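The values are calculated or read from the model by the stated rules, or taken from the named source; none is laboratory data. None of these values were measured; they are calculated from a predicted model. Cβ coordinates were reconstructed from backbone atoms using ideal geometry, including for glycine residues, and neighbour counts include every protein chain displayed.
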Amino acid sequence: MREERQPSRLWRVKDRVFHYLRAINAENIKEWRIELKYKPDFIRQFFEPFVYLFPYFLYGFALLGGRYSEHLRSLTGISDMIAYTFIGYLFIGFLNTACWAMGFSLRKEQWFGTLETIFVAPVPRWVYVAGMALHSTCHQGLIMLIQAVVITTFFAIVLQTSGLFLSLVVVLLMLLGLYGLGIIVAGLTIALKQWWVVSEALATLIVVVTPIAYPLAVLPFVLRKVSMFLPTTYGIIGVRHFLLGEELVVGLPTIILRLSIILVVWLTFGMLVFLIMDRFGRKRGSLSIY
Amino acid sequence: MWVIVEEVRKSFAILFAYPVEVVFWIFSPLLWVIPLVFQGKALIGAFSSTPFGALAGTDEFIPYVLIGAIISTYMFSAVWSMGNSFRDETYYGTLEHILSAPVRPVYILVGKGVYNSVLSTLFVIVQLLICVFIFGLEITLAKIFPIFLFLLLLIVGLYGIGFMAAAVTLLIKESHGIIHLFEYVLFLFSPIRYPVEVNPITKTISVFIPLTYALIALRGLLLNIDFNFWKNSVILLGIDCAIIPLGLFIFYKIEKRTKTRGTLADY
Amino acid sequence: MLENSDIVVEALCKVFKKGKPDEVRAVDGVGFSIRKGELFGLLGPNGAGKTTLIKCISTLLIPDGGSASVGGFDIKREPLRVRQHIGVLTGGERSLYWKLTPVENLRYFATLYGVPRKVIKDRIDYLLDLMGLTDKASVRVEKLSSGMKQKLSLARVLAHDPPILLVDEPTLGLDPYFARFIRDFIKNELNKKLHKTILLTTHYMDEADELCDRIAFMNRGKIEALDTPDRLKQSMPQKQTLEIKCQGTLEKETFSDVREAASINISHEDGFVYLRMNTDNPEVILSSIIELIREKAQIFSVRVTVPTLEDVFVHLTGASLKDG
């Protein structure tokens with residue numbers, strides 16, 4: 001019996017990393033399985049982005065009496081309101097990944113009654129959040145792909161395919177920064193009963209100051225400064241530059257550098273908040289209360 | 001009657017246990033408008049648009065979308081809160097006790113409806129005050145009676161739809177999707193953010209949504225835009241008369257069905 | 001002694017709402033050790049602090065004082081290693097994904113607990129077979145009865161074959177058939193055959209008496225007594241118990257003048273009132289007791305038994321296991 005109690009192979013670093021990666025993937029697969037059991041909801045998620053997007057198009061149409069704006073061209077170099085707005089909204093979809101899917105993950109386990117069960121498993125708690133990040137990125141990626149195909153075909157939008165690779169690099173950096181936000185929200189959900197309000201308020205604020213449907217130039221000074229701290233700002237500016245040729249207000253190296261700094265800061269801050277909140281939850285005993 | 005009062009009282013008591021949510025619901029419709037303001041500025045370069053005026057009757061698009069956002073508070077409240085009210089009771093574990101109480105469920109439903117409309121009206125008033133005193137929105141309150149008339153007609157119609165949403169929740173436990181879909185249809189096809197005339201499809205479907213007529217009338221009254229008072233009020237009244245009995249009918253049918261199948265407290 | 005122990009708890013404390021007027025000392029300076037392969041019971045009424053203690057030991061809660069080690073690993077310093085060595089089973093609540101099937105659940109948890117990929121399938125087959133759930137392998141958990149769900153929870157706990165099990169109220173809310181199955185399984189399969197070290201909490205006296213090698217009585221966050229069930233019962237100063245089953249309203253104070261009766265306990269079950277008291281001379285006090293009851297209740301039966309763990313608990317704490 002004694003041999004069994006010795007620290008197992010698992011505790012060798014390589015094995016441990018392998019174990020965590022498998023756990024992350026298991027979390028991802030479990031989420032897919034559960035989601036696919038709620039079929040109407042699953043299908044709805046593919047329609048939802050269109051419903052959010054169309055009002056912006058229709059509003060633009062009503063304002064312009066058509067699709068093209070001279071004023072937008074003077075600000076950004078792009079006159080097509082549809083293409084401009086669409087690219088912005090397409091990639092802001094990842095904000096949902098962070099604020100809802102990742103932030104919501106632990107709360108959902110509380111509802112299922114499984115949070116304590118997974119928290120006594122021999123993996124650190126960030127592994128669940130990472131698993132959820134993997135899942136929701138795949139999920140959101142699929143939704144975005146469908147959205148992109150439908151909208152570009154329907155509105156005959158021509159994208160610069162040569163910029164695809166670089167735009168993916170920018171998106172990846174933005175995504176890592178957003179994971180930091182997701183981890184913060186996930187941490188807050190452990191301690192706060194009305195977590196979703198925080199999450200929703202944060203998301204709304206980010207949507208307002210991110211140049212999704214308008215360039216940074218139209219934002220008031222203070223909001224423009226706030227947007228400089230968000231990964232979404234650089235992500236969207238960069239992607240639109242590579243795919244549509246939007247004129248950049250800051251240079252490309254600056255964008256990459258700032259994105260990298262932001263992602264390091266957000267991820268570190270996120271992990272810190274998460275660890276503090278997790279400790280707080282275990283001290284106060286509020287893990288299973290909701 | 002006391003059942004309705006008690007339902008309202010209980011719902012308020014539960015709400016005030018979540019003060020952060022109250023603040024959120026007041027501000028969120030206003031926050032959603034801000035991107036539209038910046039989008040307008042980016043596309044036009046000014047805060048008035050002639051093509052917009054041709055469709056909406058006013059070139060000033062910011063007051064237009066602000067009013068739309070404020071009034072849509074009723075829609076979100078009616079569809080979302082009513083749809084979820086029974087779902088919440090399932091989570092609290094109180095649904096079976098409520099529906100087995102010796103009162104007709106319609107009173108509970110009306111109680112929830114009254115609570116939500118009182119709450120929404122409070123929100124709407126606060127939002128209007130913010131818009132007037134902070135954002136400098138110019139509205140005319142001279143026609144206070146017609147404003148209340150149209151609000152009342154709107155609320156009644158929306159709660160007819162809310163009853164249907166509540167019924168759907170009883171039937172399909174994972175009802176968030178369906179409720180969202182309800183909301184989307186109302187959101188997309190009524191003139192909340194843009195005049196529905198902008199597109200033939202939105203124009204056609206908007207005809208069947210009570211929110212369309214109420215928004216045209218309320219914007220007309222608050223922003224001094226020309227509109228046909230009698231036409232809008234009569235159509236709204238007509239829709240209300242049809243939709244309330246229909247909502248109740250669907251609710252009763254579904255309640256009976258769930259009771260027969262014994263799926264009431266599942267989740 | 002300690003070298004041979006799987007769980008060692010020393011002066012452990014957990015205080016909720018610290019410093020506030022409604023401060024709760026859920027675990028208050030508890031200490032004990034559990035030997036390898038021992039089935040150790042924590043017996044106490046609801047709210048005694050048993051679940052809080054288990055949560056501290058399983059690293060779900062951080063204790064405010066004292067220390068504990070599991071499998072030789074400190075719960076504060078090496079929580080991951082502790083978790084690697086334990087399986088935690090709780091009764092009466094949801095600890096599985098109801099939308100997934102038993103196989104999907106077990107595969108997920110086994111991966112989470114680091115079971116090698118090659119072994120997972122065999123392990124799942126073995127566990128489902130062990131629990132008699134093979135024919136339910138592809139049925140969604142929500143469609144299973146609560147007894148089957150609890151069996152599946154047991155299978156989940158065993159997925160990574162942990163040497164130590166923390167079992168919290170395992171039969172709570174189960175019907176007698178499944179409760180019996182779970183008890184037998186814990187005693188015979190897990191403890192005797194697989195030699196698992198088990199810390200079991202319960203407020204069912206019979207369960208503790210039947211299953212446990214040693215029992216700790218827990219009340220208001222403290223351990224009041226710790227020994228084998230037999231020795232605990234032998235520790236009673238009075239060697240017999242008088243039990244009267246009746247219907248009506250009884251109060252303890254009515255019998256306070258009966259000099260030869262101790263540890264008076266009144267409990268309610270199935271519409272009847274049970275009056276139990278410990279005494280060395282039941283035949284002497286019976287007539288006066290009956291006289292006292294007659295005005296207040298109708299007597300259905302009278303019996304004399306040996307003291308049970310419940311009587312010991314009442315004797316030591318003045319509280320009943322059914323309190324709370």
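Couple of notes before you dig in:
- Per the conditions (1) touching a residue at least 24 places away in the same chain (Cβ under 8 Å); (2) under 26 Å from C:Glu291 (Cβ atoms), the sole criterion not satisfied by C:Lys252 is (1).
- From the list C:His195, C:His160, C:His203, the one residue that fits, being in contact with a Gly (Cβ under 6 Å, 6 or more places away or on another chain) and of a type outside the set (Ser, Thr, Tyr), is C:His195.
- Wholly within the range A:160-247, helices (runs of 4 or more DSSP H) carrying at least 2 residues that are aliphatic (A, V, I, L, M), in contact (Cβ under 8 Å) with a residue 24 or more places away in the chain and closer than 25 Å to A:Gly281 by Cβ: A:164-191, A:195-209
- Selection count, the range C:105-123, where residues are part of a helix (DSSP H, G or I) and surrounded by fewer than 22 Cβ atoms within 10 Å (Cβ to Cβ): 7
- Hits in the range B:140-159 - residues which are closer than 10 Å to B:Ser117 by Cβ and not hydrophobic (A, V, I, L, M, F, W, C): B:Tyr159
- The C-beta contact set for the range C:228-246 (first residue without any contact (Cβ under 8 Å) to a residue 24 or more places away in the chain, second residue of a type in the set (Lys, Arg), distance under 7 angstrom, 6+ apart or interchain) comprises C:Thr228/C:Arg214.
- Matching residues, the range A:248-290, being within 20 Å of A:Gly77 (Cα to Cα) and touching a residue at least 40 places away in the same chain (Cβ under 8 Å): A:Ile255
- Condition check for B:Ala214 on (1) within 12 Å of chain A (Cβ to nearest Cβ); (2) surrounded by 22 or more Cβ atoms within 10 Å (Cβ to Cβ); (3) among the hydrophobic types (A, V, I, L, M, F, W, C): one failure, at (1).
- Matching entry among A:Ile34, A:Ile24, A:Ile78, A:Ile43 (being part of a loop (DSSP other than H, G, I, E, B) and among the β-branched types (Val, Ile, Thr)): A:Ile78
- All positions within the range C:87-99 that are facing another protein chain (nearest Cβ under 7 Å) and over 15 Å from A:Trp111 (Cα atoms): C:Val88
- Checked against the criteria, B:Val196 counts as at pLDDT 85 or above and crowded, with 17+ Cβ neighbours inside 10 Å.
- In the range A:248-290, the residues that are within 14 Å of another protein chain (Cβ to nearest Cβ) and assigned to a helix (DSSP H, G or I): A:Leu275, A:Ile276, A:Met277, A:Asp278, A:Arg279, A:Phe280, A:Gly281, A:Arg282, A:Lys283, A:Arg284
- Meets criteria (more than 9 Å from chain A (Cβ to nearest Cβ), on the phi > 0 side of the Ramachandran plot and touching a residue at least 12 places away in the same chain (Cβ under 8 Å)) for C:Gly114: no
- Counting only residues that are closer than 19 Å to C:Glu251 by Cβ and part of a strand (DSSP E or B), the range C:280-301 holds 4 of them.
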